[in-house]
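Notes to accompany the following structure.
The numbers here are math on the coordinates, done by the rules we state, and not lab data. Predicted, not measured: the structure shown is a model, and the values here were computed from it. Quick reminder, even Gly has a Cβ in these numbers, built from the backbone with ideal geometry, and neighbours come from all protein chains shown.
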Amino acid sequence: MTITIFLGALLVAMALGVPIAFALLATGAALMWHMNMFDAQILAQNTIEGANSFPLLAVPFFMLAGEIMNAGGLSRRIVNLAMTLVGHVKGGLGYVVIIAAALMSALSGSAVADAAALTALLLPMMHKAGHSTTRSTGLIASAAIMGPIIPPSIGFVVFGVAANVSISKLFLAGIAPGLMIAAALWITWWWLVRSEDIAPKPRASKQEMLRAFKDATLALGLPVIVVVGLKFGVFTPTEAAVVAAVYALVIAMFVYRELKWSQLYGLFLAAAQTTAVVMFLVAAAMVSAWMITVANLPAELISLLQPLLDNPKLLMLAMMLVTILVGTAMDMTPTILILTPVFMPLVKAAGIDPVYFGVMFMVNNAIGLITPPVGTVLSTVAGVGKVSMDTVTKGVMPFMIAQFIVLGLMIAFPQLVMVPAKWLYG
């Protein structure tokens, strides 16, 4: 009955068009009412405590780093470097998208920020070269979702706080899966463009390559600083976010000199607005998470799924299928906040490594950003590129299939995730 109340209240609130954060608050209140313990003071206390978390300070700084990266010329230099490296091969612009997306993911941690930058910079070039708009927008959207997987990742910060899992370990464990996603996109693009009759760009000279690499060196230094700092314990993920934001600001303003003082207010405001949305979601989710624990929902769920606890791979598959279904109707952050307190007791009962589950969960949620009808990255690419949602949705299909294949391989062979992860974090 408790599970029915929880799901019913949440689904009814969403069906009525209530914003997700308020739907979560309403769900928590409904559970309190059902258990005859409704108290507005408890509701307020849990909401405040939900946002009162030091690790969550990483969110606004990573948001700010992403805004600065796009406005201060770091993104453009990374795209230019990728262009000089692979722009001359058949379908080269597609490979540029993949390389640039992987590098930019290591700067911002936001799929939406990367999607906007890649669409603005590369979609006109791909269109001019003769690539189909459908295929081009599909590749850009699919590549942008590496943002929440390759560190630093805002999604990993939210999951780490909600699940009480080491954010540093999640960051380092996300590197190999992110590169596997990039490889899957690379192979899929190669397969799709093998029959295209589009003349590639001229090969860049060694001098042009060196100039592009030199120009992008400082931008590329940011992910190196973050990963090395986390690996050797120089700073925490929250401190890494501050380092990323300050580093990007210094490079954009005083080295590249493309960011003006007059632009700072707009960038800080944009980062603050996005952060406010995320933080309110986290705060509201804490009420539901607390009520899930008090109502003993995990125990009910464990009893329902008892037959799967002896088969961790089958349980992982079941949880991933649920995440896929939820991801078609909900954005990444609310999906993380709603499902994490439900899944984590199952993960612990089945003896699944929480870091492994966190990486798989994040890969799944990242793919959810391009699954219709609610695909935030699809909307971003369509809006920035001035194309229809149907065009982008059709374009992502072959790439999404490749990404789900990678997800399936990681479920079947957890070593693909955990062997490189344990090598990185020891």
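Can you compute the FRET efficiency between V419 and K394 using 1/(1 + (r/R0)^6), with r the Cβ-Cβ distance and R0 = 30 Å? Round to the nearest 0.05.
It comes out at approximately 0.25.
Figure the gain on full extension for W190 and T217 (residue separation times 0.36 nm, minus the Cα-Cα span) and round it to one decimal in nm.
Taking 0.36 nm per residue and subtracting the Cα distance, the gain is 6.9 nm.
Measure of size requested: the Rg and Dmax of the stretch 187-283, with Cα atoms as the atom set and Å as the unit; please supply both.
Answer for the stretch 187-283, Rg first and Dmax second: 19.5, 53 Å.
What shape does the stretch 157-244 take by its C-alpha gyration tensor, where a ≥ b ≥ c are the square roots of the eigenvalues and a/c under 1.5 counts as rounded, a/b above b/c as prolate, and the rest as oblate?
Oblate.
Helix 133-144: angle to the longest alpha-carbon principal axis of the chain, degrees 0 to 90, nearest 10?
Helix 133-144 sits at roughly 60 degrees to that axis.
Just need the relative contact order of the stretch 39-425 here, percent rounded to a whole number, with Cα pairs under 8 Å and 6+ apart.
28 percent
When the expected Rg is taken as 2.2 N^0.38 Å, what fraction or multiple of it is the alpha-carbon Rg of the chain?
0.98
To the nearest 10 degrees, how steeply does helix 415-425 sit against the main Cα axis of the chain, on a 0 to 90 scale?
With rounding to tens, the tilt is 80 degrees.
Calculate the spin-label point distance for V277 paired with Q41, positioning each point 7 Å from the Cα along the beta-carbon direction, and give it in nanometres.
3.6 nm
From the backbone phi of the stretch 256-264, what are the Karplus-calculated ³J(HN,Hα) couplings (6.51 cos²θ - 1.76 cosθ + 1.60, θ = phi - 60°) in whole Hz, Gly and Pro given as x?
6, 6, 9, 9, 9, 4, 5, 7, 4
May I ask for the angle, rounded to the nearest 10°, between helix 206-231 and the longest principal axis of the chain, with both axes built from Cα atoms and the value confined to 0 to 90°?
Its long axis makes an angle of about 20 degrees.
Taking 0.36 nm per intervening residue step and subtracting the Cα-Cα distance, what contour gain separates F54 from A120 on full extension?
Extra length available between F54 and A120 comes to 20.3 nm.
Count the lysine pairs in the chain whose Cα atoms lie under 30 Å apart, taking only pairs 8 or more positions apart in sequence or on different chains.
29
Rounded to the nearest 500 deg cm²/dmol, what is the calculated helix-only ellipticity per residue at 222 nm for the chain, with -39500 (n - 2.57) per DSSP H run of length n ≥ 4?
-25500 deg cm²/dmol
What is the spread of the Cα atoms of the stretch 115-171 along each of their three principal axes, largest first, in whole Å?
Taking max minus min along each principal axis of the Cα atoms, the stretch 115-171 gives 48, 16, 14 Å.
Please work out how much length the chain gains when fully extended from H127 to M209, using 0.36 nm per residue of separation minus the C-alpha to C-alpha distance, in nm with one decimal.
Taking 0.36 nm per residue and subtracting the Cα distance, the gain is 27.1 nm.
Would you please give the residues with an amide H less than 5 Å from that of S110, counting only those at least 5 places away or on a separate chain, with H modeled from the backbone geometry?
none
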